[in-house]
Structures are given as C-alpha cells and as structure tokens.
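Please read the structure below before turning to the comments.
The values are calculated or read from the model by the stated rules, or taken from the named source; none is laboratory data. Predicted model, so just to flag it, every value in this text is computed and none were measured. A quick note on method: Cβ atoms are made from the backbone with ideal geometry, for glycine too, and the neighbour counts reach across all protein chains shown. Accessible surface is based on the protein model in full, side chains and every heavy atom, while ligands, DNA and RNA are left aside. Shrake-Rupley method; radii C 1.70, N 1.55, O 1.52, S 1.80 Å.
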Amino acid sequence: MTMPTAPATASAHAHALSDATASDRTLRRFLHGLPGVDTVGLEARASALGTRSIKSTAKAYAIDLAISMIDLTTLEGADTPGKVRALGAKAVHPDPTDRGTPKTAAVCVYPDMVATAKEAVGDSGVKVASVATAFPAGRAAIGVKLGDVREAVAAGADEIDMVIDRGAFLAGDYMTVFEQIRAVKEASGEARLKVIFETGELSTYDNIRRASWIGMLAGADFIKTSTGKVGVNATPANTLLMLEAVRDFREQTGVQIGVKPAGGIRTSKDAIKFLVLVNETAGADWLDNHWFRFGASSLLNDLLMQRQKLATGRYSGPDYVTVD
C-alpha cells in the first residue's frame, strides 16, 4: 500500500505541547487537566458505530484493507525458526491460490526471531516488527529494556512494539513512563515505535486517555491497546478513545500518530467495525496501514475465508487456510 505523505510523525519535529513535559509537575497538571471520559457516552457511541452495515463492493474493499493492516503475530515460547518462516511466507502471500490478495503490513516476533523473519519476507515490503522492553510484563530495569530494543534493531527490525511500565503509571509516576518511552524511541533509531498500554490493566478510561497522551508526547509513532496476553484487550470503546486522542493531538500539533488495537479481534465482522470507528472518529487519513494496524493472527484466516466467499459465492473447506 502506498505510504501517504500527510502529517509528520512525532519523531519528525518538535510539537506545540513540549511545555507540558518540562517537569513532573507540568506533566501531571496537563494529564489531569484532560477532559474526563464520559463512560456511558463513549460506550454508546462505540456500540452505535458497530451497527453500521457495509455492503457488497464496500465490504470487499474493507476486507482487503483489513488484510493489508494486519501485523501477523507469533509471540510464544515455543516459536521456532520454521514457524517464523512459515508466518513470513503467509504474510507475503496470504492466499497462495490468489496472488491478488494484499500482503499483510508486518510480521511481529520476539527479538531473537527478527533475523529469521527478515529473511522470510525478503524484499516484499512486509515489515518486521519486534516486541521489546521485557514484553509482555515490562518488569525489567531500563538498561535491560533498551538492550532488548537495540538487539531487535540490530537484527533488522523495522518497527518496535514496547510495553509501558504499568506499575509506574498506576502509581502516578507519569514522568518515568514518559522518559522510558523517549529513551526507547531514541534506541529504536529509524524503526517506528508502537507503545503498548495494556489497557486491560489501566482500569479506567481516564487512565487510557492519559496514557495515550503520554505516549504521543514522548514520541510514539503508534499507540497500541494491548499485548494480547491479558483477559481484556482491544475493545471498540478503548480503541475509539485512542482514535479521539490521535485526532485531537494532530489538531493541536500537526503530528499524526497511528493506532493499533491488538488482541481479541478475530472475525471479519469485528475488523470492519473497527474500520468504521477509524473513519468516523479520526477520519479517512488513518485508513491506511501506515496509520492503522490490527495486532492479530486468527483474524487473517477469517478475512481470507470471507474474501473467497465474496469471490465465489461459497465458503471454502477447512483446508483453504493454514492453521498458524
């Protein structure tokens, strides 16, 4: 997919809100000065947008767009080079029987599998993302976290998915969270940085809003809901809240930030609901894999099945797609 030339990313230029991070006091005052989240209103709007009906040609377009936005992911202790190579092959040619099927945006692996993933995707244009910073818990010293990032970048990672220190955030130590994100951004070099909040552990929508702004102020290229390793991951409501944050941030600074919901998005119907959220909240500028991603694995298979159904009028058998 062609990369847009629209607004600069957070790493590209200083933004208008830099005074907010001048000290712990100014950062706290800024974050607690953000409007409170209307829980009922947020959830009602997310639910209402989820009822939008998408038909025929628009549905086919949405399915292809969703495929192109997937970070195809394997993050298991039992990952092997063979599994990662197979994942890379699937990312490049999701449906080997139809070479018109879009490539996924990226494959996402642990740092020690980055080199294998890079070899697997070759010069296809599929990015290699790597989780880092002691994923998924983030319970490590900052030196260990930065070493994790540098290892992934040295192996060729195009993107880094970091986790914030939720303990520091929930203790109100916002400046530590900010400074760690900024340090990871510096260690990431040219790699784009996705900052994972683990929204299921942040307890409130107000906390998700504050975490979104910390991430954006610190230089995130993407803000991301979840690791996919806890009970509550991406939801329409928490993703809507983050889309509002990136929209408002661009209005105030001219800087565009991406959004990545991850975990729990398994069906084409789910994915299309999220695309409607993007279009109706942040706008069409975010309907591109440079600015919006799905963190998913099983989602791709359902999208492929639905794509084939639209093309042929029938569902494929169980052997049509690979089991990751």
Residue 167 - would you say it is outside any helix (DSSP H, G or I), surrounded by fewer than 22 Cβ atoms within 10 Å (Cβ to Cβ) and out of contact with any Phe, Trp or Tyr (no Cβ under 7 Å at 6 or more places or on another chain)? no
Scanning the range 233-271 residue by residue, those among the β-branched types (Val, Ile, Thr), touching an Asp or Glu at 6+ places or on another chain (Cβ under 9 Å) and within 18 Å of residue 288 (Cβ to Cβ) turn out to be 257
For the range 209-232, how many residues meet the condition of being more than 13 Å from the chain's Cα centre (by Cα) and either acidic (Asp, Glu) or under 18 Å from residue 294 (Cα atoms) (or both)? 4
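How many residues does the range 114-150 contain that are under 18 Å from residue 262 (Cβ atoms), aliphatic (A, V, I, L, M), in a loop (DSSP other than H, G, I, E, B) and out of contact with any helix residue (DSSP H, G or I) (no Cβ under 8 Å at 6 or more places or on another chain)? If you could, list the steps in order and put the result at the bottom.
So the first thing to find is which residues in the range 114-150 are under 18 Å from residue 262 (Cβ atoms), and the list is 117, 126-138.
Subset that is aliphatic (A, V, I, L, M): 117, 126, 128-129, 131-132, 134, 137.
This time we only want the ones that are in a loop (DSSP other than H, G, I, E, B), so: 126, 134, 137.
From what's left, out of contact with any helix residue (DSSP H, G or I) (no Cβ under 8 Å at 6 or more places or on another chain): 137.
Looking only at that region, the number is 1.
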Out of the range 44-67, which residues are farther than 26 Å from residue 290 by Cβ and open to solvent by 90 Å² or more (accessible area, probe 1.4 Å)? 51, 55
Counting just the residues of the range 280-311 that are basic (Lys, Arg) and touching a residue at least 12 places away in the same chain (Cβ under 8 Å), which one comes out most open to solvent (accessible area, probe 1.4 Å)? 307
Out of the residues in the range 68-107 that are in contact with a strand residue (DSSP E or B) (Cβ under 9 Å, 6 or more places away or on another chain), of a type in the set (S, T, N, Q) and over 23 Å from residue 54 (Cβ atoms), state the one that is surrounded by the most Cβ atoms within 10 Å (Cβ to Cβ). 73
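Determine, yes or no, whether residue 207 is open to solvent by less than 30 Å² (accessible area, probe 1.4 Å) and either in contact with a Cys (Cβ under 9 Å, 6 or more places away or on another chain) or modelled with pLDDT of 95 or more (or both).
yes
Please verify whether residue 153 is open to solvent by less than 10 Å² (accessible area, probe 1.4 Å) and not in a loop (DSSP other than H, G, I, E, B), treating the condition exactly as stated. Steps first, answer last, please.
On the way: open to solvent by less than 10 Å² (accessible area, probe 1.4 Å): no; not in a loop (DSSP other than H, G, I, E, B): yes.
Spelling it out, it is not the case that residue 153 is open to solvent by less than 10 Å² (accessible area, probe 1.4 Å) and not in a loop (DSSP other than H, G, I, E, B).
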